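K.L.:
Take this structure, written in structure tokens, and hold onto it; I'll ask about it next.
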Amino acid sequence: GDKPINLLHRAIEHALRACRLRVSPKIPVVKISRTCLDPDSPVAHFETLDEAALPFDEPFILGATPHNLWSNSSGLMEQHFDTVLLDEASQLTIILATLAMLRAEKFLFFGDHCQLPPVRLGPKPKNPEDDSIFNKLRQSSAATLLTETWRLNHDLAEWPSATFYGNRLLVRHDRQLALAPASDHPALQATPGFVAISHDEQKSSTRSPGEAETAIALILELLRGGLAPSDIAVVTPFRAQAS
């Protein structure tokens, strides 16, 4: 149920957390924003650049939305940077990406045109290639495929790898479901890792009580089998179903 702006902030948070774990503690890693999704984040949050007190004569890593780079209240309006990294670039419109590109000398784009396009409140462009900066640039630029996937085990990665990536994904995630006590439900076995449960409920559109009850039953069985609540996720595209 997150709004698109919160999804953007969440992507920035994930990138900055990864930076904080990998760079020297002497290098500041900060986020300039009024939005802080996690008060306990290891990344320092400031509403303005002045509050961050960054050493501009030394390296630092700063996270911000494209809009915030041009906000008078953020203090970033007059700043120019060496390199800008645009994560989830396949979801960035050309206009939003330009806001960030105008503030740096070099640009690195990370994205996936096989995943979600930009979220738009207005009409979509007639040419799909103009929908995102990533889609536009990949038509005329050399792209590097990141072949390692750490998100899915082999069973789950097999279909998207064959369908979208020419069987080039190398799976680095080998976790399998292991419950104690074991479950008899076909969806809760170690293999295969991809199970579809169908029903013939005709009235389902934006909500389905039957699907919700099925999800609850599976969750309870996972908990009985020893999984922690933090290891379980339920994904649904509709807010009514999430509620």
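The values are calculated or read from the model by the stated rules, or taken from the named source; none is laboratory data. The model shown is predicted, which means the values in this text are computed figures rather than measured ones. Cβ atoms come from the backbone with ideal geometry, glycine included; neighbour counts cover every protein chain shown. All accessible areas refer to the heavy atoms of the entire protein, side chains included, with ligands and DNA or RNA removed. Shrake-Rupley method; radii C 1.70, N 1.55, O 1.52, S 1.80 Å.
K.L.:
Which shape class, rounded, prolate or oblate, goes with the stretch 1-114 when its Cα gyration tensor gives a ≥ b ≥ c as root eigenvalues, a/c under 1.5 marks rounded, and past that a/b bigger than b/c marks prolate?
P.N.:
Details: a/c = 1.33, a/b = 1.18, b/c = 1.13.
In terms of gyration-tensor shape, rounded.
K.L.:
Then there's this: In whole Å, what three semi-axes, largest first, describe the equivalent ellipsoid of the stretch 194-240 built from its Cα gyration tensor (square root of 5 times each eigenvalue)? Please report the intermediate quantities before stating the final value.
P.N.:
Values: eigenvalues 102, 30, 18 Å².
Equivalent ellipsoid semi-axes, largest first: 23, 12, 9 Å.
K.L.:
From Cα pairs below 8 angstrom and at least 6 apart in sequence, can you work out the relative contact order of the chain, rounded to a whole percent? Could the numbers behind the result be given before it?
P.N.:
Working: 291 pairs, mean separation 28.0, N = 243.
Over the chain, the number comes to 12 percent.
K.L.:
Distance from the Cα centre of the stretch 130-190 to that of the stretch 207-243, in angstrom?
P.N.:
22
K.L.:
Okay, next question. How much area per residue is accessible in the chain when the probe is 1.4 Å and only protein heavy atoms are counted (Å²)? Kindly include the intermediate steps, with their values, before the conclusion.
P.N.:
On the way: 16780 Å² over 243 residues.
Spelled out: the 1.4 Å probe surface of the chain, per residue, equals 69 Å².
K.L.:
Roughly speaking, to the nearest percent, how much of the stretch 1-93's 1.4 Å accessible area is carbon and sulfur?
P.N.:
On the way: 2910 of 5530 Å².
Heavy-atom surface of the stretch 1-93 belonging to carbon and sulfur, 1.4 Å probe: 53 percent.
K.L.:
Let me ask something else. Accessible area of the stretch 125-228 with a 1.4 Å probe: how many percent of it is carbon plus sulfur?
P.N.:
Values: 4190 of 7690 Å².
Ligands and nucleic acids excluded, carbon and sulfur give 55 percent.
K.L.:
Do the sum for the chain: with -39,500 (n - 2.57) for every DSSP H run of n ≥ 4, divided by all residues, what is the mean residue ellipticity at 222 nm, to the nearest 500 deg cm²/dmol?
P.N.:
Details: 7 runs with 68 residues, N = 243.
Theoretical 222 nm ellipticity from helices: -8000 deg cm²/dmol.
K.L.:
Name the residues of the stretch 43-66 whose amide N is less than 17 Å from a point 7 angstrom out from the Cα of Glu105 along the C-beta direction?
P.N.:
Counting only backbone N, you get 56-62.
K.L.:
Taking R0 as 25 Å, what's the FRET efficiency between Asn167 and Val195 from their Cβ-Cβ distance, rounded to 0.05? If you can, show how the numbers build up before the last one.
P.N.:
Values: r = 22 Å, r/R0 = 0.88.
Working from the Cβ atoms, E equals 0.70.
K.L.:
Now for a separate question. Between rounded, prolate and oblate, where does the chain land on the alpha carbon gyration tensor, with a ≥ b ≥ c its root eigenvalues, rounded for a/c under 1.5, else prolate if a/b exceeds b/c? Each step should come with its number before you reach the end.
P.N.:
Working: a/c = 1.84, a/b = 1.62, b/c = 1.13.
Since a/c reaches 1.5 and a/b is larger than b/c, the shape of the chain is classed as prolate.
K.L.:
Sticking with this one: Tell me, what is the FRET efficiency for Thr236 and Ser24 to the nearest 0.05, using R0 = 41 angstrom and their Cβ-Cβ distance as r? Don't skip to the end; give the middle numbers.
P.N.:
Working: r = 41 Å, r/R0 = 1.00.
With a Förster radius of 41 Å, E is 0.50.
K.L.:
Further question on the same structure: Indicate the helices, whole DSSP H runs only, in the chain that combine a mean Kyte-Doolittle hydropathy of -1.0 or more with a Cα extent along their long axis of 20 angstrom or more. Don't skip to the answer; put the middle values down first.
P.N.:
On the way: long enough: 4-22 (28 Å, -0.05); 209-224 (23 Å, 0.74).
For the chain, where a helix must reach 20 Å along its axis and average at least -1.0, the hits are 4-22, 209-224.
K.L.:
Can you tally the lysine pairs in the stretch 19-134 where the Cα-Cα distance is under 30 Å and the two residues are eight or more apart, or on different chains? All intermediate terms of the calculation are to be shown ahead of the outcome.
P.N.:
Numbers: Lys26/Lys106; Lys31/Lys106; Lys106/Lys124; Lys106/Lys126.
Qualifying lysine pairs in the stretch 19-134: 4.
K.L.:
Next up: Give the calculated FRET efficiency between Phe60 and Ser140 to the nearest 0.05, with a Förster radius of 35 Å applied to their Cβ-Cβ distance. Intermediate results must be reported in sequence, preceding the final value.
P.N.:
Numbers: r = 33 Å, r/R0 = 0.93.
Once rounded, the FRET efficiency stands at 0.60.
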